[in-house]
Amino acid sequence: MRQGFFAVLGGDPLKGALAEVEGALLERTGGRALWLVPYPLRDLAEAWRLAYKTLGLKEGRILALRRREEAFDQEVAAYVAGFPLVLMAAEGFLEFLDLLAGSLVQKALDYVRAQGGVVAAVGEGAGLLGEAAFFPFEGGLRARLGLSLVPGLAVLPRVEERGRFQLLSKLVADNPDLVGVGLAENSAVFLYAKEGEVRAGQVTLVDPSGAEHTARGVRGLRVDLLRAGERFLLP
């Protein structure tokens with residue numbers, strides 16, 4: 001059995017900047033994909049589904065969840081587990097995270113990966129997969145527990161925007177068991193069992209393993225800028 005993996009895609013599928021990566025995912029999974037989204041995103045997911053037909057999509061389905069109870073339904077979880085490629089996106093990020101956390105659908109996502117499939121989180125939803133996730137709060141961002149499908153990781157999309165790198169660095173510095181992955185726009189990372197691989201764009205990796213807290217701050221925080229082809233160890 002081939003090794004399954006998780007993926008984070010920091011781009012809008014309608015813009016086509018990550019078409020090569022998305023096409024490779026479809027080819028790997030036989031062109032069968034499921035979009036898992038909150039109900040308000042169903043129309044946008046349909047637009048993504050149509051766009052993917054030009055990339056090799058053979059069977060595309062949309063599962064738009066309304067209530068947390070649906071995420072605990074065995075039939076719904078089995079439906080999710082039956083696809084080799086599951087793509088997640090979120091608008092109203094915090095609500096979608098609360099809907100999925102601890103549910104049978106969350107277990108189904110891990111099952112897809114364990115059976116050799118791919119679970120990809122797109123755009124702002126890229127933060128869902130990690131142990132820590134950022135969400136909008138009072139004009140800024142705050143962090144909370146993510147789905148922890150990739151333990152020890154904190155993923156922040158659009159890291160190039162003002163203030164986002166500082167937020168990611170502070171979270172990692174305060175939680176040295178985490179490694180931060182900042183996704184620049186139109187970047188993509190595949191997350192295997194023990195390592196990550198940058199597949200497109202540029203990624204900022206923040207590693208606190210050698211950092212030292214002092215009375216005035218943190219020294220020795222490691223920051224790497226990685227481009228396509230680079231690999232890094234996961235926590």
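Search the structure for amide H atoms under 5 Å from the amide H of TRP35, placed 1.01 Å from N in the peptide plane, and list their residues when 5 or more places away or on another chain.
ARG61, ILE62, LEU63, LEU87
First obtain the Kirkwood hydrodynamic radius of the chain from its Cα pairs, then insert it into the Stokes-Einstein equation at 4 °C and 1.567 mPa s, and state the resulting D in µm² per second as a whole number. Let's see the in-between values first.
Working: Rh = 17.7 Å.
Answer, rounded: 73 µm²/s.
Counting only heavy atoms of protein chains, what accessible area per residue, in Å², does the chain have with a probe of 1.4 Å?
Numbers: 11210 Å² over 235 residues.
On a per-residue basis, 48 Å².
For region 134-156 and region 8-34, what is the separation of their Cα centres, given in Å?
23 Å
Would you compute, for the Cα atoms of region 61-199, the largest minus smallest coordinate along each principal axis and list the three values in descending order, in whole Å?
Answer, in whole Å and largest first: 42, 33, 27 Å.
Starting with the highest mean, order 193-206, 124-137, 68-81 by the number of other Cβ atoms within 10 Å, averaged over the residues of each peptide. Each step should come with its number before you reach the end.
Numbers: 193-206: 19.4, 124-137: 22.4, 68-81: 15.9.
Put in order of decreasing packing, that is 124-137, 193-206, 68-81.
With a cut-off of 8 Å between alpha carbons and a minimum separation of six or more residues, what is the relative contact order of the chain in percent? Spell out each step's value before the answer.
Numbers: 551 pairs, mean separation 45.9, N = 235.
Result for the chain is 20 percent.
Give the carbon-plus-sulfur fraction of the accessible surface of the chain in %, rounded to a whole number; probe 1.4 Å, heavy atoms of protein chains only.
Details: 5470 of 11210 Å².
Roughly 49 percent of what the probe reaches on the chain is carbon or sulfur.
Please give the direction-averaged projected area of the C-alpha convex hull for region 1-126, in square nanometres with one decimal.
On the way: hull surface 26.8 nm².
About 6.7 nm², averaged over all directions.
The values are calculated or read from the model by the stated rules, or taken from the named source; none is laboratory data. The model shown is predicted, which means the values in this text are computed figures rather than measured ones. Don't worry about glycine lacking a Cβ; one is built from the backbone with ideal geometry, like all the others, and counts go over all protein chains shown. All accessible areas refer to the heavy atoms of the entire protein, side chains included, with ligands and DNA or RNA removed. Shrake-Rupley method; radii C 1.70, N 1.55, O 1.52, S 1.80 Å.
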